[in-house]
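Read through the structure below, which is laid out as structure tokens, and then see the notes.
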Amino acid sequence: LPVMFILSMAGAWAFGIPASAFFLIVPLFYSPLQAAGIVTAGAVVGAIGGYVTARSLAADKVKRYEDHRITRFLSRHSHFAALFAIRIVPGSIHSIINFGAGLLKLPLGRFALATLLAVAIKSFVYAHAVHSATNTSSADDALTWPFVAALFAIALLTLTGRWVRAKVMDRLQPGDND
């Protein structure tokens, strides 16, 4: 079963199909650590697949992402910290990140490592929240310190993501808001 989740997520990410539901579905079947490992494996394999697809196999099919604001951001900010930051925030458009990095021919090792670390952290936080919420007998039991901390971490990631997005939009030139 873990292989099925990994391959499904990898296939989705490789071809630009949204797969964020895996962050919430996999923890229903596995412990937070196992779920994070499964989601991270699927994400990294899929991200590399999308990168390779954009770089060589179907470059002409993904050219439409060339002018996307995320691709433009990556063209100016391809360092590890930027790659990590855009991956870890909730609501990241992973397919555009994958295709943009491939189109720009960013260093694959840096891209894969940033994906691995950011998704591992984000998937563990989500997995812990889902696992805590679904393994209780009442709402009162769910409101444990670890569960509230996981929800706080998700909220913090979301707020940080909004802040990062605002900074990215400020850096884009006027008319680049597509």
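The values are calculated or read from the model by the stated rules, or taken from the named source; none is laboratory data. Just so it is clear, the structure is predicted and the values come from calculations on it, not from any experiment. In case anyone asks, the SASA skips ligands and DNA or RNA and just uses the protein heavy atoms, side chains included. Shrake-Rupley method; radii C 1.70, N 1.55, O 1.52, S 1.80 Å.
The table that follows gives values for the structure above.
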{"item": "Solvent exposure of region 67-126 as accessible area per residue, Å², 1.4 Å probe", "result": "37 Å²"}
{"item": "Region 13-134: mean projected area of Cα convex hull, nm²", "result": "6.6 nm²"}
